[in-house]
1. With the structure loaded, tell me whether D217 is more than 23 Å from the chain's Cα centre (by Cα), within 16 Å of the ligand (Cβ to nearest atom) and without any contact (Cβ under 8 Å) to a residue 24 or more places away in the chain or whether it fails that test.
2. Of everything in region 85-101, what is farther than 14 Å from I155 by Cβ and charged (D, E, K, R)? Give them in sequence order.
3. Check region 251-261 and report whether any residue there is within 8 Å of the ligand (Cβ to nearest atom), under 16 Å from the mean Cα position of the chain (by Cα), modelled with pLDDT of 95 or more and under 18 Å from K214 (Cα atoms).
4. Of the numbered conditions (1) assigned to a loop (DSSP other than H, G, I, E, B); (2) more than 25 Å from I120 (Cα to Cα), A281 satisfies every one except a single condition; which is it?
5. Taking T168, is it of a type in the set (S, T, Y), more than 14 Å from the ligand (Cβ to nearest atom) and either loosely packed, with under 13 Cβ neighbours inside 10 Å or at pLDDT 95 or above (or both)?
6. In the list S269, S279, which residue meets the criterion of being under 12 Å from I298 (Cα atoms) and either in contact with a Pro (Cβ under 6 Å, 6 or more places away or on another chain) or within 6 Å of the ligand (Cβ to nearest atom) (or both)?
7. Scanning for something over 23 Å from the mean Cα position of the chain (by Cα) and among the β-branched types (V, I, T), does region 103-123 turn up at least one residue?
8. Does region 54-75 include one or more residues that are assigned to a helix (DSSP H, G or I), surrounded by 19 or more Cβ atoms within 10 Å (Cβ to Cβ), touching a residue at least 12 places away in the same chain (Cβ under 8 Å) and β-branched (V, I, T)?
Amino acid sequence: MTKKVLVVGEVRQGELRNVSFEAIAAAKQISDGGEVVGLLLGNVSDSLANSMIQYGADRVIIAKHTNLDSYTSDAYSQAIFQVLQEEEPDGLIVGHTSIGKDISPRIAAKLNSGLVSDAISLEVIGEQVIFTRPIYSGKAFEKKMVTDGLIMATIRPNNIQAFQKDETRSGEVTTLNVDIKDLRSIVKDVVRKATNGVDLSEAKIIVAGGRGVKSKDGFKPLEELANLLGGAVGASRGACDAHYCDYSLQIGQTGKVVTPDLYIACGISGAIQHIAGMSNAKVIVAINKDPEANIFSIADYGIVGDLFEVVPLLIEEFKSVAV
Ligand code: FAD
């Protein structure tokens, strides 16, 4: 039976996050030839709605209210709830991002529905939708079958392949003025930290530094390498605790979980709590001067050496290839 699946699109700094397009691909698979409806919240342009359509949504709803211009879980959950009541979809897919992790349990609780969080893949067998998700910090995987009610899931960025953009696709974009009341918090201002622009959780290439980087300045060659490759810089908790970098860069069990195509770990020992956040990277390169370091046990390529010698060599090499 075909299904209607709603996808909540996430906008950051005026652009849709890639995970929104990946969510559309997941929704398409669940819909089984039915309808995929994109949902955007707040003051967003029609061109963002159209890009959801170009990536596979059949139509898009823009929920409008001044209190939706900045994210609060209170306002977003009220708006999404109203759209769910109006549309009565069979499924709801959200990115497993900070917002997705915050909003989806609220909605599930409000609907008294189940929720599969942090799905990395899915399959549809007949009427059944089966999601795969990592457990025990990525050491094992479990399959979750949704047997009843709303098929609701958050999907981990960089795991489900988005469709190619098709600029010839068109679909209806409608605006819905939603009712938001009794807010317990209001965002007055958003102050962003300066970054090189590549979102760590969606980056295809990550150059990560650990305590072996030794200082704030020690991160500079890693930043240069990341910029050269169009990637982002990440870090172990060891490096964050030592104040070599900001905690927003922390990868691992208590930091961000990432799935890049390439992860270059520099001066990171490979503690289980770090591995929990990056072991699903497609290719892992480890640079460490200790040949016994645990990071080598999960690395595809290991370089035993001093990162302050190896990273500049890599920069030189990539520069010569790029010319
Ligand atoms: P270290 O273990 O000190 O390793 C530094 C490495 O650098 C060594 O292997 C050394 O050989 C190498 N090195 C030194 N100099 C050089 C050089 N010049 N060139 C090359 N290599 C060099 N950690 C996380 O990362 N993320 C988490 O989310 C996280 N959550 C945690 C949650 C809990 C509850 C707990 C208890 C711990 C958590 N940790 C987390 C901490 C984790 O256990 C480790 O302490 C931490 O990952 C170690 O960081 P590190 O590998 O940078 O440092």
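The values are calculated or read from the model by the stated rules, or taken from the named source; none is laboratory data. Since this is a predicted model, take the numbers as computed values, not measurements. Neighbour counts are summed over all protein chains in view; Cβ atoms, including those assigned to glycine, are modelled from backbone coordinates with ideal geometry.
1. The answer is yes for D217.
2. Result: E86, E87, E88, D90.
3. Yes, region 251-261 contains at least one residue that is within 8 Å of the ligand (Cβ to nearest atom), under 16 Å from the mean Cα position of the chain (by Cα), modelled with pLDDT of 95 or more and under 18 Å from K214 (Cα atoms).
4. (2)
5. Values: of a type in the set (S, T, Y): yes; more than 14 Å from the ligand (Cβ to nearest atom): yes; either loosely packed, with under 13 Cβ neighbours inside 10 Å or at pLDDT 95 or above (or both): yes.
Judged against the criteria, T168 is a match.
6. On the way: S279 fails: either in contact with a Pro (Cβ under 6 Å, 6 or more places away or on another chain) or within 6 Å of the ligand (Cβ to nearest atom) (or both).
After applying the criteria, what remains is S269.
7. no
8. There is no residue in region 54-75 that is assigned to a helix (DSSP H, G or I), surrounded by 19 or more Cβ atoms within 10 Å (Cβ to Cβ), touching a residue at least 12 places away in the same chain (Cβ under 8 Å) and β-branched (V, I, T).
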